[in-house]
1. Limited to the stretch 154-202, what total is found for residues that are of a type in the set (G, A, S), closer than 30 Å to V417 by Cα and not in a loop (DSSP other than H, G, I, E, B)?
2. Can you find a residue that is surrounded by 14 or more Cβ atoms within 10 Å (Cβ to Cβ), modelled with pLDDT under 80 and either more than 27 Å from K133 (Cβ to Cβ) or in contact with a strand residue (DSSP E or B) (Cβ under 7 Å, 6 or more places away or on another chain) (or both) anywhere in the stretch 390-410?
3. So if I check each of I186, I164, I137, I145, which one is under 30 Å from G66 (Cα atoms), at pLDDT below 90 and touching a strand residue (DSSP E or B) at 6+ places or on another chain (Cβ under 8 Å)?
4. Which pairs do you get when a residue that is farther than 20 Å from I103 by Cβ, found in the stretch 190-205, comes within reach of a residue that is of a type in the set (G, A, S) and not in a strand (DSSP E or B), reach meaning Cβ atoms under 8 angstrom, with the pair 6+ apart or on two chains?
5. Please state which one of S44, S116, S79 is under 24 Å from R155 (Cβ atoms), among the small types (G, A, S) and touching a helix residue (DSSP H, G or I) at 6+ places or on another chain (Cβ under 6 Å).
6. Are there helices (runs of 4 or more DSSP H) fully within the stretch 1-109 with at least 3 residues that are modelled with pLDDT of 85 or more and surrounded by fewer than 13 Cβ atoms within 10 Å (Cβ to Cβ)? List them.
7. For the stretch 266-289, does any single residue satisfy the condition of being of a type in the set (D, E), in contact with a helix residue (DSSP H, G or I) (Cβ under 9 Å, 6 or more places away or on another chain), surrounded by fewer than 18 Cβ atoms within 10 Å (Cβ to Cβ) and in a loop (DSSP other than H, G, I, E, B)?
8. In the stretch 309-336, which residues are part of a strand (DSSP E or B) and over 14 Å from the mean Cα position of the chain (by Cα)?
Amino acid sequence: MKLKKVLLWIFVAGLLLSLQTGNCSNKEEGIDRADLYKQIQLFSDSIALIQSNYVDDMEPQKLIYGALSGMLKSLDPYSQFMDPDTYNEMKVETTGEFGGLGIEISIRDNILTIISPIDGTPAYNAGLKPGDKIVKINDEPTRDITLIDAVKKLRGKPGTSVEITVLRESVMKILGFTIIRDIIKITSIKEAKIIEDNIGYIRLVEFQEGTEGELDKALADLDEQGIVGLILDLRNNPGGLLNSAVSLSDRFLDEGKLIVTTKGRSKDNVLEFRARDKENYKNHPMVVLVNAGSASASEIVAGAIQDNNRGVIVGMKSFGKASVQTVVPLSDGSALRITTAKYFTPSGKLIADNGIEPDIVVDQMEFKVEEADDKSDNIFQHIDEEQEQFEESIKEEEKKEIYDHQLNTAINVLKGVAVFKNKGIDG
């Protein structure tokens with residue numbers, strides 16, 4: 001025990017010395033090193049007390065990992081500490097193929113919330129929807145769950161099942177799903193076709209490496225068929241890579257037009273991304289479809305198209321998740337994922353928590369939900385009392401899309417543009 005204490009104090013002393021050494025260079029950043037020194041002293045005293053007095057013997061790594069996890073969780077829903085296993089899982093995600101359900105999740109109002117089920121995945125096919133509140137995973141309540149823990153519970157070997165209980169506020173029902181995990185293979189473009197009156201339609205489900213190539217091929221094929229307008233469907237698109245969103249926006253904007261700006265405390269995080277291509281697809285009248293499942297990179301594209309008056313945004317307000325996370329690997333194989341900047345549209349509107357407001361607001365279905373004073377407590381207080389079986393007939397009915405009101409509105413917008421052009425009122 002004494003040896004552990006000595007090693008712990010050596011670690012803390014080394015940390016404090018390194019902070020003092022960097023004191024001068026960090027004064028310019030407005031960091032109060034004297035106050036930080038005092039707080040680290042408090043931290044080290046607490047660890048020493050736990051090591052000396054806690055009923056069980058605790059490994060220093062477990063204490064440090066727990067402290068880091070809590071610290072990062074207190075910042076925002078997207079900053080997190082990743083132990084080596086979790087960090088390795090995150091790196092797997094960026095390959096575009098991984099095992100799981102195919103849902104993008106976040107924490108909203110302290111509740112685990114589905115941003116969007118990815119088109120064609122087990123979650124999408126089962127009938128999960130954007131905005132569903134996940135209140136149980138395998139019959140365990142998700143109150144106060146972290147994103148890391150949620151991902152660990154939802155993922156597993158392909159072919160195994162996971163039970164998810166959600167609150168769907170649109171119908172005020174508790175719904176149960178049993179979903180079989182699978183290898184998630186994501187292609188960016190789900191659909192590209194002519195729909196009506198030579199109007200092209202592209203459904204983009206995620207931004208990843210290779211998205212630009214898929215888009216160029218789809219646009220070239222549609223151009224050969226003589227399209228006169230384009231609908232870009234970003235509904236239920238949870239986002240993805242920033243460079244992919246910028247490159248896609250570049251296809252539709254004139255050279256030099258601002259696409260997105262990032263702003264953070266560090267000068268390195270204040271960046272502007274502008275269109276550079278001189279050619280590509282600048283002339284097609286354009287409508288972008290968004291909804292509550294459109295997030296992150298989708299919001300960057302929609303904001304760029306909207307603020308540059310390049311097209312019309314149709315649908316419902318997007319999710320409002322657009323911030324820059326920087327992953328910093330640590331010496332033991334763990335890593336910190338820290339929010340270092342936020343995204344702003346070309347006109348300077350903050351995307352995070354605000355989302356993109358459509359030019360034409362069109363809902364797929366009308367409903368009213370009374371807001372609770374405390375959503376988290378209200379849901380978990382009554383979850384056991386209100387548990388219901390999800391009837392198969394209801395599930396099948398909700399999966400049907402007989403009439404796509406948002407898409408039909410987009411078609412009518414482009415038809416209206418064509419009428420104006422034929423009358424010589426080209427705008």
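The values are calculated or read from the model by the stated rules, or taken from the named source; none is laboratory data. Model, not experiment: these values are computed from the prediction. Cβ atoms come from the backbone with ideal geometry, glycine included; neighbour counts cover every protein chain shown.
1. 2
2. Yes, the stretch 390-410 contains a residue that is surrounded by 14 or more Cβ atoms within 10 Å (Cβ to Cβ), modelled with pLDDT under 80 and either more than 27 Å from K133 (Cβ to Cβ) or in contact with a strand residue (DSSP E or B) (Cβ under 7 Å, 6 or more places away or on another chain) (or both).
3. I145
4. These pairs meet every condition: A192/A218; D197/A418; N198/G226; I202/A218.
5. When all the criteria are applied, what remains is S79.
6. 33-53, 60-73
7. Scanning the stretch 266-289, I find at least one residue that is of a type in the set (D, E), in contact with a helix residue (DSSP H, G or I) (Cβ under 9 Å, 6 or more places away or on another chain), surrounded by fewer than 18 Cβ atoms within 10 Å (Cβ to Cβ) and in a loop (DSSP other than H, G, I, E, B), so the answer is yes.
8. V312, I313, V314, G315, T326, V327, V328, P329, A335, L336 - these are the residues of the stretch 309-336 that are part of a strand (DSSP E or B) and over 14 Å from the mean Cα position of the chain (by Cα).
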